[in-house]
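Asker: Handing you this structure, nothing more for now.
The values are calculated or read from the model by the stated rules, or taken from the named source; none is laboratory data. This is a predicted model, so every value here is computed, not measured. Virtual Cβ from ideal backbone geometry, glycine too; neighbours counted across all protein chains shown. Keep in mind that these areas ignore ligands, DNA and RNA; they rest on the heavy atoms of the full protein, side chains included. Shrake-Rupley method; radii C 1.70, N 1.55, O 1.52, S 1.80 Å.
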Amino acid sequence: MPQLNFIQAINTALAEEMERDPLTFLMGEDVILSAFGATKGLIDKFGPKRVRNTPISEAGFVGAAVGAAMAGTRPICEVEFASFFYCAFDQVCNQAAKLRYMSGGQATMPITFRAVFGAMGGAAAQHSETVYAQFLSVPGLKLVVPSGPSDMKGLLKSAIRDNNPVIVFEHGGLGRLKEEVPGGDHLVPLGKAAIKREGKNVTLVAIGAMVPKAMKVADKLAKENISVEVLDPRTLIPLDEDAILASVEKTNRVVIADEGHLRGGAAADIAAIVADKGFDFLDAPVRRVTSLDVPIPFSPPLEKAAIADEARIEAAIRDVVGR
Amino acid sequence: MDISREELLDIYHTMQKIRLFESKVRDLAVAGEIPGFVHVSIGEEASAAGVCAALRQTDRITSTHRGHGHLIAKGGRLDRMMAEIFGKRTGYCKGKGGSMHIVDYSLGILGANGIVGGGLPIAAGSGLAAVITGKDDVTAAFFGDGASNEGTFHESLNLAAVWKLPVIFVCENNGFGEFTPMATVTSVTDIAVRAQAYGIPGHIVDGNDVLEVFKYTSEAVARARAGEGPTLLECKTYRWEGHVVGEAAFLGEEAYRTKSEVEAWKLKCPLIRFQKWCAETGKISTAELQRIVADTEKELADAIEFARASELPDVSEVTDDVYAP
């Protein structure tokens, strides 16, 4: 299997799916030259009709993706940085997410939105936010947060084939992470969590860029005979509740690590589900390790202090296993 | 103008359907028989009928919260529309959309839309789909003067212009955004001039003259099908009723316009104008026009009966259709 990094995995998935289905096309901000490299070279393969630089006007082109999907095509729409979704909230939340339901099932909305998110070193608040929480309470959307190249490729391909609006969140700090990625039709189903590491003493639910951090913490604690099970939900909608609850039933303890904010976030949602449906499994309180409730700051030490890190994950695990 | 007798009869039938349907919907709303907000377009029938007469079935439209007229003009069935407005499972959206959100994919109706300006980028995208799939279908986007101040208006015109998309932007300028007179919130007198900013044609059209609307739309359709890009049409018209049915109960009478202004516009009724034109030119006899009214009344009575007799949705359906398989 070839070693690919995150960006190469995205590029491969896009090329394969556009090759497979002539109704797919790519639109978004600078997708021809590609700021991050994910869409680089696709113009040479697919031409200007199917690889389109949009004006920097998120409401306009996100809404156009909605219309193009309703009219029989399968747009892959890149919103460069996920915080820019705020400019297109109506089109994502009121239009893409609701039109199928409001039309009594007539509309299909096969759109894949791609956006870079997360703290990536001095990009400051308006380019570093983890915004998937803002979409968690919007029925009609699917939310995908891959943690590595192999899942990235498989989840993105599934997203493109899905008949619903799917937002694929790509962490900007994972770009150079490399791993073996299966070639050909490597599909990872939406709604299926992955146990990234088996363990007995505590379940560590880690989302997106928290997964590599979680693995390091698990490695370190293994030397002290603290056995950490690392579970990556991979998609937040649909969420693999069964896998999370089964793991907690096994370990009786849970820590949830997410780069999003504490209030109203993905970690809060998962914690509530565990408390609601898995209370009897628990031997210790549910712990959330998230970013602080501040806009992500610019200066490196402040940025580091704001986001969830390995030390905080480790401390949370020591706390719950000590009880 | 090249227009057949058959087309003229259809145009009048469309305007009558809109007028009678919406008058009835208004009455039913006042009587409390239908839930939710109802926005009617009585007085604005010519823009819906004139634009859609220039489209074919495979062409698409996007509409607004004041959308019954556009849907009827594009071929929407009165019975299924009425059932939807009643919240019945036989409605176009199985009772989940209601007055503001009716969709009929088979007729190219991509949806009425509860968000002002929400349909404009969707129309641009629908035009983009035609380009991607290599078809010459056009999309008409209906919106109001209020929507022309939304960012989506400007973004959509720019996008459609730069990609030469087959889209016709149809502004129905009825002079008010909700209860606010346009002149107090809009920097220009004519919305059509905004087309200049995007390098596309913009035309001011008498929105109460259905034949003028048809003529300008036909030209815009030809341009769009030929790959020459979008056109902005501004149909100047007026709504006889309030923004929302029942508004006088909370705003009072004459809260933002005078009765005499409304009465003056009623004299410009697009249906009467068309009837006069038929009489003057001898194209259609009065008897034929009267027959259309009678037919429409029958059709409407059947639609109401259908809606009343239809079942409400079963509560088990509440979670259906959130996601596509």
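Asker: Would you call A:LEU141 out of contact with any helix residue (DSSP H, G or I) (no Cβ under 6 Å at 6 or more places or on another chain) and either of a type in the set (S, T, N, Q) or buried (at least 24 other Cβ atoms within 10 Å of the Cβ) (or both)? Spell out how you get there, then give the answer.
Answerer: Details: out of contact with any helix residue (DSSP H, G or I) (no Cβ under 6 Å at 6 or more places or on another chain): no; either of a type in the set (S, T, N, Q) or buried (at least 24 other Cβ atoms within 10 Å of the Cβ) (or both): yes.
The answer is no for A:LEU141.
Asker: Right, something else. Test B:ARG19 against the stated conditions and say whether it is of a type outside the set (S, T, N, Q), assigned to a helix (DSSP H, G or I) and touching a Ser or Thr at 6+ places or on another chain (Cβ under 9 Å).
Answerer: Details: of a type outside the set (S, T, N, Q): yes; assigned to a helix (DSSP H, G or I): yes; touching a Ser or Thr at 6+ places or on another chain (Cβ under 9 Å): yes.
So B:ARG19 fits the description; yes.
Asker: Pairs please, first residue from the stretch B:154-182 and touching a residue at least 24 places away in the same chain (Cβ under 8 Å) and farther than 30 Å from B:ILE132 by Cα, second anywhere and open to solvent by less than 10 Å² (accessible area, probe 1.4 Å) and among the basic types (Lys, Arg), Cβ atoms under 6 Å, 6+ apart in sequence or on different chains.
Answerer: Note: pairs meeting the criteria are B:ASN174/B:ARG239.
Asker: Could you please find all residues in the stretch B:248-271 being open to solvent by 80 Å² or more (accessible area, probe 1.4 Å) and either under 19 Å from the mean Cα position of the chain (by Cα) or in contact (Cβ under 8 Å) with a residue 24 or more places away in the chain (or both)?
Answerer: If the condition is that a residue be open to solvent by 80 Å² or more (accessible area, probe 1.4 Å) and either under 19 Å from the mean Cα position of the chain (by Cα) or in contact (Cβ under 8 Å) with a residue 24 or more places away in the chain (or both), then B:LYS268 is the only one that fits.
Asker: A follow-up question, please. Can you tell me which of (1) of a type outside the set (A, V, I, L, M); (2) surrounded by 20 or more Cβ atoms within 10 Å (Cβ to Cβ); (3) touching an Asp or Glu at 6+ places or on another chain (Cβ under 7 Å) is the one B:GLU45 doesn't meet?
Answerer: Condition not satisfied by B:GLU45: (3).
Rundown of residues vs (1) over 23 Å from A:GLN3 (Cβ atoms); (2) in contact with a Cys (Cβ under 6 Å, 6 or more places away or on another chain); (3) β-branched (Val, Ile, Thr); (4) at pLDDT 95 or above, yes/no style:
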{"site": "A:ALA133", "(1), (2), (3), (4)": "yes, no, no, yes"}
{"site": "A:SER137", "(1), (2), (3), (4)": "yes, no, no, yes"}
{"site": "A:VAL144", "(1), (2), (3), (4)": "no, no, yes, yes"}
{"site": "A:MET152", "(1), (2), (3), (4)": "no, no, no, yes"}
{"site": "A:SER158", "(1), (2), (3), (4)": "no, no, no, yes"}
{"site": "A:ASN163", "(1), (2), (3), (4)": "yes, no, no, yes"}
{"site": "A:VAL168", "(1), (2), (3), (4)": "no, no, yes, yes"}
{"site": "A:HIS171", "(1), (2), (3), (4)": "no, no, no, yes"}
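Asker: Which residues, taken from the stretch A:156-183, are charged (D, E, K, R) and open to solvent by less than 20 Å² (accessible area, probe 1.4 Å)? Walk me through how you get there before you give the answer.
Answerer: First, pick out the residues of the stretch A:156-183 that are charged (D, E, K, R): A:157, A:161-162, A:170, A:176, A:178-180.
Residues satisfying the conditions are A:LYS157, A:GLU170.
Asker: Further question: Name the single residue that is surrounded by the fewest Cβ atoms within 10 Å (Cβ to Cβ) among those in the stretch A:93-116 being part of a helix (DSSP H, G or I) and either without any contact (Cβ under 8 Å) to a residue 40 or more places away in the chain or facing another protein chain (nearest Cβ under 8 Å) (or both). Don't jump to the end; show me each part of the working.
Answerer: Just the residues of the stretch A:93-116 that are part of a helix (DSSP H, G or I), to begin with: A:93-96, A:99-102.
Imposing the further condition that a residue be either without any contact (Cβ under 8 Å) to a residue 40 or more places away in the chain or facing another protein chain (nearest Cβ under 8 Å) (or both) reduces the set to A:94-95, A:99-102.
On the way: A:ASN94: 17, A:GLN95: 29, A:LEU99: 26, A:ARG100: 24, A:TYR101: 22, A:MET102: 27.
For the stretch A:93-116, the residue satisfying everything is A:ASN94.
Asker: Now a separate question. Criterion first (assigned to a helix (DSSP H, G or I), within 22 Å of the chain's Cα centre (by Cα) and surrounded by 10 or more Cβ atoms within 10 Å (Cβ to Cβ)) does B:VAL245 satisfy it? Let's see the steps before the verdict.
Answerer: Values: assigned to a helix (DSSP H, G or I): no; within 22 Å of the chain's Cα centre (by Cα): yes; surrounded by 10 or more Cβ atoms within 10 Å (Cβ to Cβ): yes.
Criteria not met by B:VAL245.
Asker: Follow-up question, since we're still on this one. Which of the residues that make up the stretch A:288-323 are open to solvent by 70 Å² or more (accessible area, probe 1.4 Å), part of a helix (DSSP H, G or I) and over 21 Å from A:LYS200 (Cβ atoms)? Lay out the reasoning, then the answer.
Answerer: Here is the first cut: in the stretch A:288-323, the ones open to solvent by 70 Å² or more (accessible area, probe 1.4 Å) are A:288, A:292-293, A:295, A:298, A:300-302, A:304, A:312, A:318, A:323.
Still in the list and also part of a helix (DSSP H, G or I): A:300-302, A:304, A:312, A:318.
Across the stretch A:288-323, the qualifying residues are A:PRO300, A:PRO301, A:LEU302, A:LYS304, A:ARG312.
Asker: Inside the stretch B:48-70, can you point out the residues that are within 10 Å of the chain's Cα centre (by Cα) and either surrounded by fewer than 22 Cβ atoms within 10 Å (Cβ to Cβ) or free of Cβ contacts under 8 Å to residues at least 24 places away in the same chain (or both)?
Answerer: B:HIS65
Asker: Checking A:ALA68 against (1) away from chain B (no Cβ under 14 Å); (2) among the aliphatic types (A, V, I, L, M); (3) out of contact with any Asp or Glu (no Cβ under 7 Å at 6 or more places or on another chain), only one condition comes out false. Which one?
Answerer: Checking A:ALA68 against (1) away from chain B (no Cβ under 14 Å); (2) among the aliphatic types (A, V, I, L, M); (3) out of contact with any Asp or Glu (no Cβ under 7 Å at 6 or more places or on another chain), the one that fails is (1).
Asker: Continuing with the same structure: State yes or no: is B:ILE122 of a type outside the set (S, T, N, Q), more than 9 Å from chain A (Cβ to nearest Cβ), under 19 Å from the mean Cα position of the chain (by Cα) and closer than 12 Å to A:MET70 by Cβ? Full working, then the answer.
Answerer: On the way: of a type outside the set (S, T, N, Q): yes; more than 9 Å from chain A (Cβ to nearest Cβ): no; under 19 Å from the mean Cα position of the chain (by Cα): yes; closer than 12 Å to A:MET70 by Cβ: yes.
Answer is no for this residue.
Asker: Here's something else I'd like to know. Which of the residues spanning the stretch B:136-155 are assigned to a helix (DSSP H, G or I) and either away from chain A (no Cβ under 11 Å) or more than 18 Å from B:ALA197 (Cα to Cα) (or both)?
Answerer: Filtering the stretch B:136-155 for residues assigned to a helix (DSSP H, G or I) gives B:146-149, B:151-155.
B:GLY146, B:ALA147, B:SER148, B:ASN149 - these are the residues of the stretch B:136-155 that are assigned to a helix (DSSP H, G or I) and either away from chain A (no Cβ under 11 Å) or more than 18 Å from B:ALA197 (Cα to Cα) (or both).
Asker: Considering the stretch B:72-101 alone, what residues qualify as being touching a strand residue (DSSP E or B) at 6+ places or on another chain (Cβ under 7 Å) and more than 8 Å from chain A (Cβ to nearest Cβ)?
Answerer: Keep residues of the stretch B:72-101 that are touching a strand residue (DSSP E or B) at 6+ places or on another chain (Cβ under 7 Å), which gives B:74, B:76, B:92.
Scanning the stretch B:72-101 gives B:LYS74, B:GLY76.
Asker: Okay, next question. Being in a loop (DSSP other than H, G, I, E, B) and under 25 Å from B:LYS236 (Cβ atoms) narrows it down to one residue among B:HIS70, B:HIS65; which is it?
Answerer: On the way: B:HIS70 fails: in a loop (DSSP other than H, G, I, E, B).
Unique residue meeting the criteria: B:HIS65.
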